[in-house]
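For reference, the structure is listed below as structure tokens.
The values are calculated or read from the model by the stated rules, or taken from the named source; none is laboratory data. If you're wondering where the values come from, they're calculated on a predicted model, not measured in any experiment. Note: ideal-geometry Cβ built from the backbone for every residue, glycine included; neighbour counts use all protein chains shown. Accessible surface areas use protein heavy atoms only, side chains included; no ligands, DNA or RNA. Shrake-Rupley method; radii C 1.70, N 1.55, O 1.52, S 1.80 Å.
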Amino acid sequence: METIIRKIQKSDNQKLATIIRSCFHDFKVPTQGTVYEDPTTDHLYELFSEENSALFVAELDGELCGCCGIYPTEGLPENCAELVKFYIDKDFRGKGLGKKLMEASIDFAKISGYESIYIESLPEFSTAVSIYEKQGFNYLEKPLGNSGHSGCNLWMLKSL
């Protein structure tokens, strides 16, 4: 099996939006106030054309499997970015792709000069949350920045 981690291409938009939204159904997660309803989910290539941002995608044997990225979310502390859009298609979970995507994102953040990374999530995404914990993210008592995702109730931060 050949795994490729690469930056998003415009042709990935529709498939990634489908993967992201399907994760909410897979884990029976409420969609209100989340990326599920965010209109940028359908236009990720355009969103990640923002300076100092990147969205990495994983391909396994030529099939798009998931994504994870870094974004300079408005309102975050100086030199802090948000780790965003961390979703893996159900048929490709448990193969280490999430770890590879997260590591590519963290490496990008370091190279871009960020000093910390912020994450918003939900307890239903327990597998992802455990990965965040293993990667050194620490829990916060309240959200940072202006992500627009008021439905999230877990907030974490990692120093780089």
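Quick notes on this structure:
- Counted charge near PHE48, where neighbours are those whose Cβ lies closer than 9 Å (Asp, Glu -1; Lys, Arg +1): 0
- Across the stretch 37-83, Cα pairs under 8 Å and at least six residues apart give a relative contact order of 25 percent.
- Beta bridges per DSSP, both residues in the stretch 2-160: antiparallel share near 90 percent.
- Gain in span if fully extended, GLU37 to GLU133, counting 0.36 nm per residue against the direct Cα distance: 31.9 nm
- The stretch 7-59, accessible area per residue, ligands and nucleic acids excluded (1.4 Å, Å²): 52
- The stretch 1-74: relative contact order as a whole-number percent, Cα under 8 Å and 6+ apart: 42
- Each residue of the stretch 57-65 was assigned a 3J(HN,Hα) from its phi angle through the Karplus curve 6.51 cos²θ - 1.76 cosθ + 1.60 (θ = phi - 60°); the sequence is 10, 10, 10, 10, 6, x, 9, 5, 10 Hz, with glycine and proline shown as x.
- Share of Cα-Cα pairs in the stretch 64-154 lying beyond 18 Å, as whole percent: 43
- The stretch 1-91: chymotrypsin sites (Phe, Trp or Tyr not before Pro) in DSSP coil with no more than 15 other Cβ atoms inside 10 Å: PHE27
- In terms of its C-alpha gyration tensor, the stretch 3-74 comes out oblate, because a/c is 1.5 or above while a/b does not outweigh b/c.
- Label selected from [x] 111; [y] 168; [z] 101, the criterion being volume of the Cα convex hull per residue in Å³ as computed here: [z]
- Normalised by the number of residues in the chain, the average gap of Cα pairs under 8 Å and 6 or more apart makes the relative contact order 24 percent.
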